[in-house]
Amino acid sequence: MALVKYDLNVPHRLLLGPGPSAVHPRVLRSMSTELIGYLDPEWLSLMDEEQELLRAVFQTKNEMTYPMSGTGGAGMETAFSNFVEPGDTVVVGCNGFFSERMCEMAKIYGANVKRIEKPWGGIFTPAEIEEVLVENKPVKILALVHAETSTGALQPLEGIADVVHRNGALFLIDCVTSLGGIPLNIDASDIDVAYSASQKCLGCPPGLSPFTAGDRAREILRKRKTRVANWYLDLTLLEKYWNKERVYHHTPSTTLHYGFREGLRIVLEEGLENRWSRHQANAEYLWDKMETLGLKLLVKRENRVPSLNTVCIPDGVDDMAVRTSLRETYNIEIAGGFGPLKGKIWRVGLMGFSSQRENVTLFSEAMREILRK
Ligand SMILES: Cc1ncc(COP(=O)(O)O)c(C=O)c1O
């Protein structure tokens, strides 16, 4: 095979899609640090630091708080493979693409999946959830996507833990597009299991999936009758590496963890509240800008995900032509819709380091020029 004789040379892109988002330069710099071994005492201290930082970002005291190897999908699979046993009933709030993936994963691990259905973009009330939990008792898990990246709808969490726990189930959420960008407090919301991804509001490259599980969930894990049907993501094995025993399980990506540690430090330096306000303010600025261009947003203002904005494509406008022009003329990446929203919306991510006022200005001006043509 011929050697590729030129250096890697990717174009600059302003990443305003559903992720990956722009990576903070400090994160990139930390990733060029030389490697050390995964049982080196210095590395073990870095692991402790990373866990402490991650607990602060999740706002939890959960001991079982790990950056899992793999992308957001690995976090999702960790959740379903560890807490579902064959025959368990799992209720999933189905209102978009990622809740469908949750259903698939739960089924793979043997769950009897009960769907609560809403059209894509809808959200669930605690009363609607309780009705399904009562009908299907006993339910092992109630699973929801906090910020649905396929629709831009934000699922309110208030009052849900109460109905879930009153009915003896675990409360599981996907916070892939919310952690680090949208108000979320795992302990205050009494969430039992949550997972996220490094490449969205945390401003790091893809490859790690922040994961946390509380005492109720750990008790369920301890009492399993069957082995976790996934070796790589088995928390009963992984905890022996993350806890004091430090038993080798798999080789972590040293470089990704260096970057992730730095990314979490940046989140906490800015402060969670400030970060949430920044995401909200830049999203509101985008909404105003889109409205002045005559563009509508898909989701009602009060239910919008500020890190992922869904803009309706006007009749007669060619989705692909606009996105291609944004990329080729302005070096800006956004995404289209999929499933029932294919060809109907653009998805504009304002996540982490990408969530900056000047990026909104640039994107809006580019859209104004393209739509004028
Ligand atoms: C809400 C949500 N859940 C899960 C995932 C899967 O994450 P990944 O693509 O990092 O595996 C995504 C990815 O965009 C997502 O937006």
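The values are calculated or read from the model by the stated rules, or taken from the named source; none is laboratory data. None of these values were measured; they are calculated from a predicted model. With ideal geometry, Cβ positions are generated from the backbone for all residues, glycine too; neighbour counts draw on all protein chains shown.
For (1) in contact (Cβ under 8 Å) with a residue 24 or more places away in the chain; (2) over 20 Å from Ser178 (Cβ atoms); (3) assigned to a strand (DSSP E or B), each residue gets a yes or a no:
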position: Val299; (1), (2), (3): yes, no, no
position: Val311; (1), (2), (3): yes, no, yes
position: Gly316; (1), (2), (3): no, yes, no
position: Val322; (1), (2), (3): yes, yes, no
position: Leu326; (1), (2), (3): yes, yes, no
position: Gly343; (1), (2), (3): yes, yes, no
position: Arg347; (1), (2), (3): yes, no, yes
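When we screen Glu85, Glu117, Glu42, Glu63 for residues that are surrounded by fewer than 21 Cβ atoms within 10 Å (Cβ to Cβ), away from the ligand (no atom under 16 Å from the Cβ) and within 22 Å of Lys225 (Cα to Cα), the only hit is Glu85.
If I ask for residues that are of a type in the set (S, T, N, Q) and assigned to a strand (DSSP E or B), which ones from region 91-128 would you list? Listed by number, the list holds a single entry, Asn112.
Out of Thr361, Thr329, Thr324, Thr310, which single residue is of a type in the set (Ser, Thr, Tyr) and either surrounded by 21 or more Cβ atoms within 10 Å (Cβ to Cβ) or touching a Leu at 6+ places or on another chain (Cβ under 7 Å) (or both)?
Result: Thr310 is the single residue among Thr361, Thr329, Thr324, Thr310 that is of a type in the set (Ser, Thr, Tyr) and either surrounded by 21 or more Cβ atoms within 10 Å (Cβ to Cβ) or touching a Leu at 6+ places or on another chain (Cβ under 7 Å) (or both).
Among the conditions (1) away from the ligand (no atom under 14 Å from the Cβ); (2) closer than 19 Å to Glu85 by Cα; (3) buried (at least 24 other Cβ atoms within 10 Å of the Cβ), Ile191 misses just one, which is (2).
Of Ala153, Ala147, Ala161, which residue is closer than 19 Å to Gly214 by Cα and either surrounded by 24 or more Cβ atoms within 10 Å (Cβ to Cβ) or more than 16 Å from the ligand (Cβ to nearest atom) (or both)?
Just one listed residue meets the conditions, Ala161.
Among residues of region 69-81 that are part of a helix (DSSP H, G or I), those with a Cβ under 8 angstrom from a residue that is more than 8 Å from the ligand (Cβ to nearest atom) and acidic (Asp, Glu), sequence gap 6+ or separate chain, pair up as Ser81/Asp234.
Here Gly294, Gly316 are screened, and the one residue that is over 24 Å from Ser196 (Cα atoms), loosely packed, with under 12 Cβ neighbours inside 10 Å, touching a helix residue (DSSP H, G or I) at 6+ places or on another chain (Cβ under 9 Å) and not β-branched (Val, Ile, Thr) is Gly294.
Scanning region 130-147 turns up one or more residues that are part of a helix (DSSP H, G or I), touching a residue at least 40 places away in the same chain (Cβ under 8 Å) and either out of contact with any Gly (no Cβ under 9 Å at 6 or more places or on another chain) or not assigned by TED's automatic domain parsing to the domain that holds Trp276 (or both).
State all residues of region 91-128 that are closer than 18 Å to Phe211 by Cβ and touching a residue at least 40 places away in the same chain (Cβ under 8 Å); if no residue qualifies, say none. Within region 91-128, Phe98, Met102, Tyr109 meet the criteria.
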